[in-house]
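Below you'll find the structure, written out as structure tokens, and then a few comments.
The values are calculated or read from the model by the stated rules, or taken from the named source; none is laboratory data. Just so it is clear, the model here is predicted, and its values are computed rather than measured. Here the Cβ positions follow ideal geometry from the backbone for every residue, glycine too, while neighbour counts run over all protein chains shown. These area figures cover heavy atoms from the full protein model, side chains too; ligands, DNA and RNA do not enter into them. Shrake-Rupley method; radii C 1.70, N 1.55, O 1.52, S 1.80 Å.
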Amino acid sequence: MRNASMQGHELSAAWCTYLFMMELLASIHCYFWSPSRTICLWMSLVLLLQYSKTVVSKSDYLIGLGSYDITGPAADVNMMGYANAEQIASGIHFRLRARSFIVAEPQGKRVVFVNLDACMASQLVTIKVIERLKARYGELYTEQNVAISGIHTHAGPGGYLQYVVYLITSLGFVRQSFDVLVDGIEKSIIQAHENLRPGSIFVNKGELLDASVNRSPSAYLNNPASERRKHKYDVDKEMTLLKFVDDQWGPVGSFNWFATHGTSMSRTNSLISGDNKGAAARFMEDWFEKNGIKSSDTNESGSDGLPRRVSNIIPNIHDDNNKLLELATSFRSSPGSPATQTMSVARRVRGALKQAEKPGFVSAFCQTNCGDVSPNVLGAFCTDTGLPCDFNHSTCGGKNELCYGRGPGYPDEFESTRIIGERQFRKAVDLFEKASEQLKGEVDYRHTYIDFSQLEVTLTKVGGGSEVVKTCPAAMGFAFAAGTTDGPGAFDFKQGDDQGNPFWRLVRDVLKTPDKKQVDCQHPKPILLDTGEMKQPYDWAPSVLPIQILRIGQFVILSVPGEFTTMSGRRLRNAVKTVLTRSGNGEFGSNTHVVIAGLTNTYSQYVATLEEYQVQRYEGASTLYGPHTLSAYIQEFQKLATALIKGQPVEAGMPPPDLLQKQISLLTPVIMDSTPAGKNFGDVSSDVPANSTFKRGSTVTVVFWSSCPRNDLLTEGTFALVEMLQGKDTWTPMYDDDDFCLRFKWSRPSKLSPQSKATIEWIIPSSSSPGVYRIRHFGASKGLMGSIRHFTGSSSAFVVA
């Protein structure tokens, strides 16, 4: 199937050729027939020069970016990441998105990279996205050249992976979580494809020192001292950024990779959130839409340093507080009323920011080797004493449940999320503005499937020679259940446990007793769950994993299906870079950039070094395929890199199973919604005080009678809206539920109650203009017969001074 964008460029070339011939004929006619031959000849030369500029682009690539809403069910669904059964979604902090870029050579290959505001990629999601892309584009986009990566937020709805161990706390498969991801990824790629135009890509990198710490330093210290001395820090502090510049429109996006966990939001948070990386992306996209590349223009920024919204800088005609109060009192809360399905989409703020012809700016903050990296930079402390946790086991008085990492906004997790997000955002802006190294060279890729449950790995011995070892079927150690300082586990598990516990061994054996071969293979990990050999009702853990290399000139992305620790990531990057730069063909030199894209295409937990594995902290206990997992990855990625530089194909490998038809869901559906007698959906239950004036920095709270958000996810819409009065009767959207300052909280009086309320909280930014405001709610109710009816309601007006 031919690429539609490519056809457009071929037509443009044909049209230019036609113009060239016409101008050439005109020149000949001019020379022979015009008395002013010299003038005519010069005019022809000018036209020919213009022709040459048209057909010879300064760019090596076609680039296209896209973005789409992937916010899942904001009620009843367990969140993915902490494995905390009590962490159930009940609202939205800000929305989640899939952000994509496509880079293509005009007459050659292309690659796709998708960054998800999700905990991780899912094998099943990847399979279904590729199926849709093949149905639409043929073999243009396949598993070979498409990478789908997660930012590792622990505040997104779960239930979208296909293996049992990742579905236990979500009560099985959640079709709504799965569908919104597949739909959103596909639509973001379609956008990127349709936006393909000639453009350039620039790369830049720099250190960000205050957004990450190592949460397992005792394990890191078990790595060889000679290796540790090569590195200044015990985590990777470097951010690497790509800047995408359209030949006509200028900068259209940026993607960067930086290692820090998506755990600024705690294990008790119940609001859907992109955590620190999602926040950084929101800040940077808003910054660019207001400031373009002139970030030094402080007139467009609030005193808090964060970018203003477009609607925030609308000239305000009201400056007399008494007049504002008089205006506000004339707008009382409106009763709930029917609304169209698209009304919330039409009213959302960012939908109005895009120009009709120009694609919106897309900024993604991608994940890399974050395995042992925490955003809780103040360190880990005991909640009972306030003292630092035990260094080796992260316990307090022998109990791991009391040891928690503290973010920079402690004890406010929202503030910690904002601060770590803002630090990444500011560094990205700095790199973006200074990016000058242009990517040049081929676009290429290699991909294969590897069975990591029984892979032979050849190791070089220290004294010379080699030995062959093997990976193991997946298994999780006792320390896995201890959790981390970002989110500790329960019971009497602890990190650094290489012995296990007799009681929990008995519990384990009810499910599956590992045989001696597996115990020996995984040693010194004491096996808590032998997931790789548990097959009922279907596979508990993956065995076959995808690995992939994407190349754009001198920039190389290693797509890995897990969380590499700091040192694991360094070893893998160095091994691949060595293969590339020592190839002798001159394609890769000292300016070769290699980044790891973590949690990509599927998920298989952690990858620790052999030395870290011996310590059996959380990351080692979660390294599924045994002590030689990292060596296996290095071996197989070296093969891909060798094939890449030699232009050789690689074996596709046996693909993983598609387990969609085997999925089980125990999540109860929404039966119906109702309101008390005399109340409508969208009616205000608790309004702002009459004649109220709020100062910037204060919080406005309004409560509405509502319905379950699972009835309609309002994709690319909003459940909450802040509107500002312009003139005497025109309400302009100012903030929606994709804003960091606006929170949509949903609740019901009891688990089985059909009644529910929506609490909308607006923390008024310091950059907000004085004026008259109101808060509005959108939703969709479900009738007893299954019919869905959309509604809206608004609060009384109030003044912001």
Inset, instruction - State all residues of the range 413-426 that are among the charged types (D, E, K, R) and either touching a helix residue (DSSP H, G or I) at 6+ places or on another chain (Cβ under 9 Å) or not assigned by the TED database to the domain that holds Phe202 (or both); if no residue qualifies, say none. - result: Arg418, Glu422, Arg423, Arg426
Inset, instruction - Just give me the residues in the range 661-681 being surrounded by 13 or more Cβ atoms within 10 Å (Cβ to Cβ) and either without any contact (Cβ under 8 Å) to a residue 24 or more places away in the chain or not in a loop (DSSP other than H, G, I, E, B) (or both), in sequence order. - result: Lys662, Ser665
Inset, instruction - Test Ile151 against the criterion of being among the β-branched types (Val, Ile, Thr), within 20 Å of Leu271 (Cα to Cα), in the same structural domain as Gly253 (by the TED database) and under 21 Å from the mean Cα position of the chain (by Cα), and give yes or no. - result: yes
Inset, instruction - Quick one: in the range 81-92, of everything that is touching a strand residue (DSSP E or B) at 6+ places or on another chain (Cβ under 6 Å) and assigned to a loop (DSSP other than H, G, I, E, B), which residue is farthest from Leu161 (Cα to Cα)? - result: Gln87
Inset, instruction - Please state which one of Ile102, Ile70 is over 18 Å from Gly199 (Cα atoms) and at pLDDT 95 or above. - result: Ile70
Legend entry - One residue from Ala641, Ala652, Ala632 being closer than 19 Å to Ile450 by Cβ, assigned to a loop (DSSP other than H, G, I, E, B), of a type in the set (Gly, Ala, Ser) and under 28 Å from the mean Cα position of the chain (by Cα): Ala652
Legend entry - Residue match in the range 642-650 (condition: open to solvent by 30 Å² or more (accessible area, probe 1.4 Å), in contact with a strand residue (DSSP E or B) (Cβ under 7 Å, 6 or more places away or on another chain) and among the aliphatic types (A, V, I, L, M)): yes
Inset, instruction - For the range 217-225, state whether one or more residues are in the same structural domain as Ile102 (by the TED database), closer than 26 Å to Ser767 by Cβ, open to solvent by 30 Å² or more (accessible area, probe 1.4 Å) and touching a residue at least 60 places away in the same chain (Cβ under 8 Å). - result: no
Legend entry - Scan of the range 728-749 for residues that are open to solvent by 10 Å² or more (accessible area, probe 1.4 Å) and of a type in the set (A, V, I, L, M, F, W, C), ordered by number: Trp731, Phe740, Cys741, Trp746
Inset, instruction - Find all pairs meeting these conditions: Cβ atoms under 6 angstrom apart; at least six residues apart or on different chains; first residue within the range 644-660 and under 13 Å from Gln123 (Cβ atoms) and at pLDDT 95 or above; second residue assigned to a loop (DSSP other than H, G, I, E, B) and open to solvent by less than 50 Å² (accessible area, probe 1.4 Å). - result: Leu659/Gln162; Leu659/Tyr538
Legend entry - Every pair of residues 6+ apart whose Cβ atoms lie under 6 Å, when the first sits in the range 444-459 and is in the same structural domain as Thr602 (by the TED database) and over 21 Å from Ala474 (Cβ atoms) while the second is in a strand (DSSP E or B) and open to solvent by less than 20 Å² (accessible area, probe 1.4 Å): Asp444/Arg551; Tyr445/Val111; Tyr445/Leu550; Arg446/Ile549; His447/Gln548
Legend entry - Residue under evaluation Phe778, criteria (1) within 17 Å of Val345 (Cα to Cα); (2) open to solvent by 10 Å² or more (accessible area, probe 1.4 Å); (3) of a type in the set (Phe, Trp, Tyr), criterion not met: (2)
Legend entry - Residue that is surrounded by the most Cβ atoms within 10 Å (Cβ to Cβ) [pool: residues in the range 65-110 that are more than 22 Å from Ala364 (Cα to Cα) and hydroxyl-bearing (Ser, Thr, Tyr)]: Tyr82
Legend entry - Total residues in the range 187-213, condition open to solvent by 20 Å² or more (accessible area, probe 1.4 Å), within 21 Å of Gly421 (Cβ to Cβ) and touching a Ser or Thr at 6+ places or on another chain (Cβ under 7 Å): 2
Legend entry - Residue list for the range 143-184, filter: more than 23 Å from Glu86 (Cβ to Cβ), open to solvent by 10 Å² or more (accessible area, probe 1.4 Å) and in a loop (DSSP other than H, G, I, E, B): Glu143, Gln144
Legend entry - Residues of the range 704-727 satisfying the condition of being open to solvent by 10 Å² or more (accessible area, probe 1.4 Å) and under 14 Å from Arg774 (Cβ atoms): Gln726
Legend entry - Wholly enclosed strands (runs of 3 or more DSSP E) of the range 682-801 bearing at least 2 residues out of contact with any helix residue (DSSP H, G or I) (no Cβ under 8 Å at 6 or more places or on another chain): 684-686, 699-706, 720-726, 730-736, 742-747, 756-763, 771-782, 788-794
Inset, instruction - Return yes when Val594 is assigned by the TED database to the domain that holds Phe637, open to solvent by 10 Å² or more (accessible area, probe 1.4 Å) and farther than 30 Å from Lys440 by Cβ and no when it is not. - result: no
Inset, instruction - Can you work out which of the residues in the range 454-488 that are assigned to a loop (DSSP other than H, G, I, E, B) and open to solvent by less than 20 Å² (accessible area, probe 1.4 Å) is nearest to Thr642 (Cα to Cα)? - result: Thr471
Legend entry - Residue satisfying condition, being within 27 Å of Ser216 (Cβ to Cβ) and either touching a residue at least 60 places away in the same chain (Cβ under 8 Å) or acidic (Asp, Glu) (or both), within set Asp509, Asp539, Asp497, Asp515: Asp497
Legend entry - Options Gly793, Gly697, Gly727: the member that is under 22 Å from Glu413 (Cα atoms) and not β-branched (Val, Ile, Thr): Gly697
